[in-house]
Amino acid sequence: MDQSNYTNILKLAKDPSQEEKVFLIMNLVSPDQGISVPDPYWNDNGFVEVFEMLDQACDRIIERWT
């Protein structure tokens, strides 16, 4: 999710409790840094890099919510 996606999703929230559920996934890896997941099409190694980023974030999801 990049900043544009984040902003668009927040606009759909009906109340503050829904807004609290929206966050940039990379904040699980690097809290409060606002790192976006880049579009992998614009980099020769893009898909590998995005996979590795999301793999790290998924590890944090498992640690946090299991």
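Taken together, the values in this text are just the output of simple stated rules run on the coordinates, not laboratory data. In this text the structure is predicted, and so the values were computed from the model without any measurement. All Cβ positions, glycine included, derive from the backbone under ideal geometry; neighbour counts span all protein chains shown.
Give the average over all directions of the projected area of the C-alpha convex hull of the chain, one decimal, in nm².
5.1
Got a sec? Charge dipole of the stretch 3-65, +1 on Cβ for Lys and Arg, -1 for Asp and Glu; which of 38, 13, 57 is way out at the positive end?
Comparing the listed Cα positions along the dipole, 13 ranks first.
Starting at the first residue of the stretch 4-13, write each ³J(HN,Hα) from the Karplus equation 6.51 cos²θ - 1.76 cosθ + 1.60 with θ = phi - 60°, in whole Hz, x for Gly and Pro.
Karplus values, whole Hz, x for Gly and Pro: 5, 4, 4, 4, 5, 5, 4, 5, 7, 5.
Relative contact order, percent, of the stretch 3-65 when contacts are C-alpha pairs under 8 Å separated by at least 6 residues?
26
So how strong a dipole does the chain carry about its Cα centre when Lys and Arg Cβ are +1 and Asp and Glu Cβ are -1, to the nearest 20 debye?
320
Sum -39500 (n - 2.57) across every DSSP H segment of at least 4 residues in the chain, then divide by the residue count to get the 222 nm mean residue ellipticity, nearest 500.
-15500 deg cm²/dmol
For helix 46-65, what angle does its Cα long axis make with the longest principal axis of the chain, in degrees from 0 to 90 and rounded to 10?
Its long axis makes an angle of about 40 degrees.
Any idea how far apart residue 66 and residue 51 come out in nm if each label point goes 7 Å out from Cα toward Cβ?
Result: 2.0 nm between the two label points.
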